[in-house]
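A short reminder: the numbers here are calculations on the coordinates, not readings from a lab. Predicted model only: the values in this text are computed from it and were never measured. So basically every Cβ, Gly included, is an ideal-geometry build from the backbone, and we count neighbours across all protein chains shown.
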There are 2 protein chains.
Amino acid sequence: MKLPTSTEWVLHCAATLAQLRPAETASAAQLAAYYDLPAPYLAKQLQALTRAGILSATTGPRGGFRLARAAKDITMLQIVEAVDGAAAPYECREIRQQGRGGLTPDECQETCPLARTMAEAHTAWRASLTAVSLADILAELPSGAPTRTRRILMG
Amino acid sequence: MKLPTSTEWVLHCAATLAQLRPAETASAAQLAAYYDLPAPYLAKQLQALTRAGILSATTGPRGGFRLARAAKDITMLQIVEAVDGAAAPYECREIRQQGRGGLTPDECQETCPLARTMAEAHTAWRASLTAVSLADILAELPSGAPTRTRRILMG
DNA sequence: GTAGGTCTACTCGGATAAGACTTGTCCGAGTCGACTAGG
DNA sequence: CCTAGTCGACTCGGACAAGTCTTATCCGAGTAGACCTAC
């Protein structure tokens, strides 16, 4: 069970974009330089966030990415699932219905306790990530952080 | 973020072994036939559980696997981490210290809020799986299940 | 001085290869049970 | 009939390939701004 490396990238990039002023944008190249990341691949991930409706992209000179809505309305879970997909890590393939010990379908009307337990754990994980928004992350940074970030990123 | 397919296999196999009487064993071939799984690969996964101290293996005729301790002392998490490893899905590589925007190490004494949030979600997931033991799973099965399982598995 | 047109340069977007990991398979070492022969 | 020895077959254990997904890269389509020219 592993999240893509790019998860860390987009989380940091989203937190960085959240420090910009409204209507300001940052290009994929600027963000890549800011964190020393491979620019083309980072751009691909930012596209995924755009498709998910978390970022908004503008083309042309002075274009780039910006948050599509307020930081307090963007949860960690939304960002993670935008790059990794929303599929649950445990996929029940109903092997209890296969082989010599196979159960009949009507014996399996209730979901198997194993799958239910795994699903509950996934729900707990999602709930934990839903409880934290980008705004919560920003609140933990030093007060001077946005100014520094904007200067280095745009400068 | 995906768990190996074999996770479902070993969970069901562990639940099956928990229905045997003490000192009874089931071989990898018997379990594979019971669920119609590729026997050699299933054996590989059961080995992992043996290394983790969850199962106990005996060789020779009439040998096979059995639980290494009581079902109530085996948690779902222990089984899952035996096959998938205990590594957290989100790995913080401290990219905030790289690139133009890199922070100095002494600015990073506190763990980054993003990594901490992801770690807390992982903790919630683990706690949810620790709360359920194999005995809890067995308690949800019909009362006649162990008899049927033993007859089909061994017979 | 101002407005329109064109042109350039910069942006994102999707389609295309290489590497890593999961999945799947095989054969060898060890051990318990059964058979046989002797007492 | 009982017991010791030997044989055989079944078990797990680790080492070895193929498929699939993540990672990484490239080039093309589109657009906003800047420049130049005409009025």
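Residues are listed down the side, and each one gets a yes or a no for (1) surrounded by fewer than 17 Cβ atoms within 10 Å (Cβ to Cβ); (2) in contact with a strand residue (DSSP E or B) (Cβ under 9 Å, 6 or more places away or on another chain):
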position: A:55; (1), (2): no, yes
position: A:65; (1), (2): no, yes
position: A:72; (1), (2): yes, yes
position: A:96; (1), (2): no, no
position: A:103; (1), (2): yes, no
position: A:116; (1), (2): yes, no
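A count restricted to segment B:125-155 and to residues that are outside any loop (DSSP other than H, G, I, E, B), at the interface with chain A (Cβ under 9 Å from one of its Cβ atoms) and either crowded, with 18+ Cβ neighbours inside 10 Å or among the acidic types (Asp, Glu) (or both) stands at 8.
Evaluation of residue B:25 against the conditions (1) surrounded by fewer than 17 Cβ atoms within 10 Å (Cβ to Cβ); (2) among the hydroxyl-bearing types (Ser, Thr, Tyr); (3) more than 9 Å from chain A (Cβ to nearest Cβ) shows that the sole unmet condition is (1). Just so you know, in segment B:1-22 the residues that are within 11 Å of chain A (Cβ to nearest Cβ) and small (Gly, Ala, Ser) include one that is surrounded by the most Cβ atoms within 10 Å (Cβ to Cβ), and it is B:14. Of all residues in segment A:2-54, those satisfying the criterion of being over 16 Å from the mean Cα position of the chain (by Cα) and on the phi > 0 side of the Ramachandran plot are A:23, A:36.
Residues checked against (1) at the interface with chain A (Cβ under 9 Å from one of its Cβ atoms); (2) under 30 Å from residue B:20 (Cα atoms); (3) surrounded by 13 or more Cβ atoms within 10 Å (Cβ to Cβ); (4) without any contact (Cβ under 8 Å) to a residue 40 or more places away in the chain:
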residue: B:50; (1), (2), (3), (4): no, yes, yes, yes
residue: B:75; (1), (2), (3), (4): no, yes, yes, no
residue: B:82; (1), (2), (3), (4): no, yes, yes, no
residue: B:89; (1), (2), (3), (4): yes, no, yes, no
residue: B:99; (1), (2), (3), (4): yes, no, yes, yes
